[in-house]
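What follows is a short report on a single structure.
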Amino acid sequence: DIVYFHTLFWPAVLHAVGLTLPSKVHVHGMLTVDGQKMSKSRGTFISARMFAQHIEPQALRYYYAAKYSAGTDDLDLSGNDFVFRVNSELVNKHANLFSRAAQFLATRLDGRLGDLPFSASDAQSDPVSDGSMLDLACKVVAACRRVERCFRDREFGQAMRELCSVSDIGNEWMQTRKPWDQLKTDPEAARETCTFALNICHALAMYLAPIVPRFSQSGARMLGCKIDRFDVTALFGLRNRTIGPFERLADRIEPKAFDAIIAESTMLSS
């Protein structure tokens, strides 16, 4: 509905006062709720304020990003899909990796990161698919480069899928290495396991920052680093330092929370 404004009137005003004109205008379709147009009479007109009273807004930001593309298709806010996607990706993948690695390091290994058997610059190489720690690091870096391209091309949904693959590498790493078992015989091996996993968390915090900034900022505080831009060369450089206190990054969403939003919307429209 506002394409004319952004592609005709706004550029004309900018041109008239001598300001830089936009080189691209990103246009997407309309927002529907459970397959229907937003409607006060149907109880599907949801305001941002109403949503935030029931559910943490960053969950909606993540959901929108996971479904956006460079096309002009409509975006549907489906209650069931919203709950499933946020819980399975933002909570069970991304937040879970932070929780597993950071809490274990803090409670069992004095909260201190160890070293890794390769340099940060080594991780900039192409993956060789030999399953080594360096190979996994190279795969994470390669995925993050693809994420940057996705952001430039406005393919936000594909960017979120790439970041899910990064989380999968970290969670599978923790499950395979089992630092809770390593701790019994080789505490430094357990420290190395968590250090590698938390460096993957650094990648997640960096590339999720435009989508869920609160999640990213909390993650950065835990890791003791600053994130203000994309910098793939900084990945796998967190070593031999103490991490900050654990912070809860995202909570699971219960279906009844979304149902409560629809119920309130319906009540206000009646």
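The values are calculated or read from the model by the stated rules, or taken from the named source; none is laboratory data. On a predicted model such as this, the values are computed, not experimentally measured, just so you know. Note that we place each Cβ from the backbone using ideal geometry, even for glycine, and neighbour counts take in every protein chain shown. Side chains included, ligands, DNA and RNA excluded: accessible areas come from the protein's heavy atoms. Shrake-Rupley method; radii C 1.70, N 1.55, O 1.52, S 1.80 Å.
Kindly provide the set of residues from segment 249-270 that are open to solvent by less than 70 Å² (accessible area, probe 1.4 Å), within 12 Å of ARG42 (Cα to Cα) and not acidic (Asp, Glu), ordered by number.
ILE262, ALA263, SER265, THR266, SER269
Hey, THR7 hits all of (1) open to solvent by less than 60 Å² (accessible area, probe 1.4 Å); (2) out of contact with any helix residue (DSSP H, G or I) (no Cβ under 8 Å at 6 or more places or on another chain); (3) hydroxyl-bearing (Ser, Thr, Tyr) but one; which does it fall short on?
With respect to (1) open to solvent by less than 60 Å² (accessible area, probe 1.4 Å); (2) out of contact with any helix residue (DSSP H, G or I) (no Cβ under 8 Å at 6 or more places or on another chain); (3) hydroxyl-bearing (Ser, Thr, Tyr), THR7 is out only on (1).
Condition first: assigned to a helix (DSSP H, G or I), out of contact with any Asp or Glu (no Cβ under 8 Å at 6 or more places or on another chain), open to solvent by less than 50 Å² (accessible area, probe 1.4 Å) and touching a residue at least 40 places away in the same chain (Cβ under 8 Å). Now tell me which residues in segment 23-63 satisfy that.
Hits for segment 23-63 are PHE51, GLN58, ALA59.
Among the small types (Gly, Ala, Ser) and under 21 Å from SER265 (Cβ atoms): is that true of ALA123 in this structure?
In short, no.
Just to be sure before I move on: is ASP81 in contact with a His (Cβ under 8 Å, 6 or more places away or on another chain), free of Cβ contacts under 8 Å to residues at least 60 places away in the same chain and not aromatic (Phe, Trp, Tyr) in the structure I sent? Steps first, please.
Numbers: in contact with a His (Cβ under 8 Å, 6 or more places away or on another chain): no; free of Cβ contacts under 8 Å to residues at least 60 places away in the same chain: yes; not aromatic (Phe, Trp, Tyr): yes.
Against the criterion (in contact with a His (Cβ under 8 Å, 6 or more places away or on another chain), free of Cβ contacts under 8 Å to residues at least 60 places away in the same chain and not aromatic (Phe, Trp, Tyr)), ASP81 does not qualify.
Go through segment 114-162 and report how many residues are β-branched (Val, Ile, Thr) and within 30 Å of VAL25 (Cα to Cα).
2
Out of the residues in segment 84-105 that are touching a residue at least 40 places away in the same chain (Cβ under 8 Å) and open to solvent by 40 Å² or more (accessible area, probe 1.4 Å), state the one that is farthest from GLY157 (Cα to Cα).
Looking at the filtered set, the residue picked out is GLN103.
Looking only at segment 158-193, which residues are closer than 18 Å to LEU136 by Cβ and of a type in the set (Val, Ile, Thr)?
Within segment 158-193, VAL166, ILE169, THR176, THR193 meet the criteria.
Which condition number does LYS184 fail, the rest of (1) under 25 Å from LEU208 (Cβ atoms); (2) part of a helix (DSSP H, G or I); (3) not acidic (Asp, Glu) being met?
Status for LYS184: all satisfied but (1).
Quick one: in segment 203-248, which of the residues that are open to solvent by 30 Å² or more (accessible area, probe 1.4 Å) and in a helix (DSSP H, G or I) is farthest from THR107 (Cα to Cα)?
THR233
In this structure, does ASN92 turn out to be more than 19 Å from ILE200 (Cβ to Cβ), among the polar types (S, T, N, Q), modelled with pLDDT of 95 or more and not in a loop (DSSP other than H, G, I, E, B)?
No: the conditions fail for ASN92.
In the set ALA48, ALA59, ALA52, ALA65, which member is under 23 Å from ARG149 (Cα atoms) and under 23 Å from the mean Cα position of the chain (by Cα)?
So the residue among ALA48, ALA59, ALA52, ALA65 that is under 23 Å from ARG149 (Cα atoms) and under 23 Å from the mean Cα position of the chain (by Cα) is ALA65.
Rundown of residues vs (1) farther than 22 Å from ALA220 by Cβ; (2) modelled with pLDDT under 95; (3) out of contact with any Gly (no Cβ under 9 Å at 6 or more places or on another chain), yes/no style:
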site	(1), (2), (3)
LYS67	yes, yes, no
SER88	yes, no, yes
ALA102	no, no, no
ARG112	no, no, yes
VAL140	no, no, no
ARG145	no, no, yes
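Which members of segment 106-162 meet the condition of being open to solvent by 40 Å² or more (accessible area, probe 1.4 Å), assigned to a helix (DSSP H, G or I) and more than 19 Å from ALA70 (Cβ to Cβ)?
Hits for segment 106-162 are ALA106, THR107, ARG108, ASP122, GLN124, LEU134, LYS139.
Checking ILE200 against (1) more than 30 Å from LYS24 (Cα to Cα); (2) surrounded by fewer than 21 Cβ atoms within 10 Å (Cβ to Cβ); (3) aliphatic (A, V, I, L, M), which test does it fail?
Exception for ILE200: condition (2).
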